[in-house]
Amino acid sequence: MIEALCIRVPRDAGELSRKRLIELHLLDNDLKIKSDGKYLLIPVLKPVEGIGVPGKDIFERLEKKSTLSQAPGAYEIIGDIAIIDQHEENAPEIADILLQHKNIKTVFQAASAVSGEYRTRELLFIKGEKKIETIYRENECRYLLDVTQVYFTPRLSTERARVADQVKNGDKVVDMFAGIGPFSILIAKRFPGSQIIAIDKNPVAIKYLRENVRLNKVKNIEIREGDAREEVKGISDADHIIMNLPHSGLEFLYSAFGIIKSGGVIHFYAISHEDDLFEGLIKEIEAYAKKSCIQVFPIQCRVVRPYAPYQYNVCIDFKVTSQI
């Protein structure tokens with residue numbers, strides 16, 4: 001038994017809170033979550049704003065049975081392929097542990113950060129089967145992808161479900177940077193009465209997006225290949241716009257404002273420093289809106305995941321109203 005930091009959350013919010021803490025790398029995996037009546041006490045490495053009530057309590061140590069929980073270092077798993085963080089110095093040793101897990105067949109290490117207009121990264125093969133394609137399963141959907149040619153992270157699973165939960169049948173949704181389709185396909189599958197327009201500039205991503213539409217048997221997605229600023233032309237009255245381009249989304253705001261309906265919601269992603277997660281970004285969005293003669297009202301601000309030391313991937317959902 002050991003005293004540790006924790007957060008206190010209602011039981012019905014426990015699983016969502018646990019997933020968010022995993023994505024933020026703040027869940028203490030060495031300790032066992034425990035119940036306190038109608039609440040759960042979840043051990044954390046440090047409290048985070050917006051998740052539960054922080055405190056301290058006594059916890060049991062968790063017996064680790066999975067080889068994955070024993071693997072040191074940072075990595076992510078996409079289907080049966082594991083990708084070790086580029087800053088890990090002992091990648092071969094980590095790979096040996098990962099490959100003991102029956103569901104992992106191939107291990108790469110990232111050799112660069114995500115960069116370029118197609119948001120890809122260089123990968124170095126470490127061990128296992130020499131393959132680059134895999135099928136990743138998430139939220140009852142399946143996605144085929146080439147990990148070397150398209151951008152994809154499983155760390156946005158909870159975020160994709162959160163956005164999908166805000167859509168309803170009859171809505172028009174524009175996914176401006178759709179990639180292989182994890183936002184678009186999930187929404188299309190949950191709400192077959194919605195209309196989805198999925199856009200991406202990367203021809204390889206578009207190839208896999210088309211394949212994933214077939215794989216998931218969805219019929220309500222229109223796919224457009226090209227720069228989102230050009231491909232949104234002709235669209236109007238969008239109920240939701242997803243702008244998951246964290247490093248340069250501001251460059252596309254004018255185009256988004258041109259197609260959103262009054263009362264529509266834009267889900268805007270960015271990278272922010274921990275000293276100013278939201279305030280500065282909101283002021284920039286408001287400045288763009290003013291030049292477009294519209295008003296915006298933030299309805300939810302949230303930290304999605306850590307990105308780099310002192311920097312976080314954040315999302316601001318904001319509602320757009322009619323012209324000033």
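The values are calculated or read from the model by the stated rules, or taken from the named source; none is laboratory data. Bear in mind the structure is a predicted one, so any value in this text is a computation, not a measurement. Reconstructed Cβ throughout: ideal geometry from the backbone, glycine too, with neighbour counts over all protein chains shown. Heavy atoms of the whole protein, side chains included, go into the accessibility calculation; ligands, DNA and RNA do not. Shrake-Rupley method; radii C 1.70, N 1.55, O 1.52, S 1.80 Å.
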Problem - Contacts under 6 angstrom Cβ, first residue in segment 58-83 being within 18 Å of residue 129 (Cα to Cα) and in a loop (DSSP other than H, G, I, E, B), partner at pLDDT 70 or above and open to solvent by 20 Å² or more (accessible area, probe 1.4 Å), 6 or more apart - result: 79/135; 79/136; 80/103; 80/105
Problem - Selected residue (criterion: surrounded by the most Cβ atoms within 10 Å (Cβ to Cβ)) from residues of segment 131-147 that are farther than 23 Å from residue 27 by Cβ and either modelled with pLDDT under 95 or aliphatic (A, V, I, L, M) (or both) - result: 145
Handout entry: Residue ID - surrounded by the most Cβ atoms within 10 Å (Cβ to Cβ), chosen from residues in segment 225-246 that are free of Cβ contacts under 8 Å to residues at least 40 places away in the same chain and either in contact with a Phe, Trp or Tyr (Cβ under 6 Å, 6 or more places away or on another chain) or closer than 19 Å to residue 289 by Cα (or both)
Key = 229
Practice task
Could you please let me know if residue 20 is part of a strand (DSSP E or B), among the charged types (D, E, K, R) and open to solvent by 20 Å² or more (accessible area, probe 1.4 Å)?
Solution key: no
Fill in the blank from the handout: The number of residues in segment 196-205 that are over 19 Å from residue 255 (Cα atoms) and in a strand (DSSP E or B) is 0
Problem - Answer residue from segment 152-179, given it is among the basic types (Lys, Arg) and more than 12 Å from the chain's Cα centre (by Cα) and is surrounded by the most Cβ atoms within 10 Å (Cβ to Cβ) among those - result: 172
Problem - Breaking point among (1) in contact with a Leu (Cβ under 7 Å, 6 or more places away or on another chain); (2) closer than 25 Å to residue 191 by Cβ; (3) of a type outside the set (Ser, Thr, Tyr), for residue 303 - result: (2)
